[in-house]
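One structure is given below, encoded as structure tokens.
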Amino acid sequence: MNRFGKIIAILMAGVLTFTFTACGSANYGAIDDQAVKREYDENAQFAIIDDGITPLAGSAASSQACIDACSAVFNLINQQRTAQGLPALVWSDKLTNAAAVRANEITTSFSHTRPDGTEFWTVDSSVQYGENLAKLYQSADSVFMAWMNSPTHAANIMDGGFKSVGIAICQVDDGSWYWAQEFGY
């Protein structure tokens, strides 16, 4: 190969490497456009708890891998929070139950609005005050990094007012994971 050919080959390799790296060589999934948070009102006189819903298609935490991934994200969150001088979050079974419902719901309608048109927190308004969603991430590390690289999602994770969290994954028939992370005071 002549000198000009070598230069072209080197330039093309550099362009391909840059394109492959800069454009995201692997699309691990998607997070929603923004995380959501509702204002805490200690004088609120309402409590909406949707007792009528249970996860149907797919199942939240349907495998040991899903359970382990939720636990790993919980640990990553608390490592990040404590490294920044924030208190660790406490695991909440009530928030996890709400997250299981939400993880199931986002398999058909990926939104902070529920399929029936109500707000995310109406699954259990007594505990839900913030929500992060993601889809198609198949590991704790990948979803945690996606959330931390999104300012609105990271803000929920690093919100010093939040005291508790619940995380669930709904695994659908093709093996894809849909994540819901619910925060409470």
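Within segment 142-171, being small (Gly, Ala, Ser), in contact (Cβ under 8 Å) with a residue 12 or more places away in the chain and closer than 14 Å to Ala35 by Cα holds for Ala146, Ser150, Ala155.
Here is a yes/no grid of residues against (1) open to solvent by less than 60 Å² (accessible area, probe 1.4 Å); (2) at pLDDT 95 or above:
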residue: Gln34; (1), (2): no, no
residue: Glu42; (1), (2): no, no
residue: Gln45; (1), (2): no, no
residue: Thr54; (1), (2): no, no
residue: Ser62; (1), (2): yes, no
residue: Ile67; (1), (2): no, no
residue: Arg102; (1), (2): yes, yes
residue: Glu105; (1), (2): yes, yes
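Restricting to segment 164-178, count the residues that are in contact with a helix residue (DSSP H, G or I) (Cβ under 8 Å, 6 or more places away or on another chain) and either hydrophobic (A, V, I, L, M, F, W, C) or surrounded by fewer than 18 Cβ atoms within 10 Å (Cβ to Cβ) (or both). Looking only at that region, the number is 6. Only one of Gln128, Gln79, Gln84 is open to solvent by less than 10 Å² (accessible area, probe 1.4 Å), of a type outside the set (Phe, Trp, Tyr) and over 14 Å from the mean Cα position of the chain (by Cα). Can you tell me which? Exactly one of Gln128, Gln79, Gln84 is open to solvent by less than 10 Å² (accessible area, probe 1.4 Å), of a type outside the set (Phe, Trp, Tyr) and over 14 Å from the mean Cα position of the chain (by Cα), namely Gln128.
The values are calculated or read from the model by the stated rules, or taken from the named source; none is laboratory data. None of these values were measured; they are calculated from a predicted model. Backbone-built Cβ (ideal geometry, glycine too); neighbour counts: all protein chains shown. To get the accessible areas, we keep the full protein, side chains included, count just its heavy atoms, and leave off ligands, DNA and RNA. Shrake-Rupley method; radii C 1.70, N 1.55, O 1.52, S 1.80 Å.
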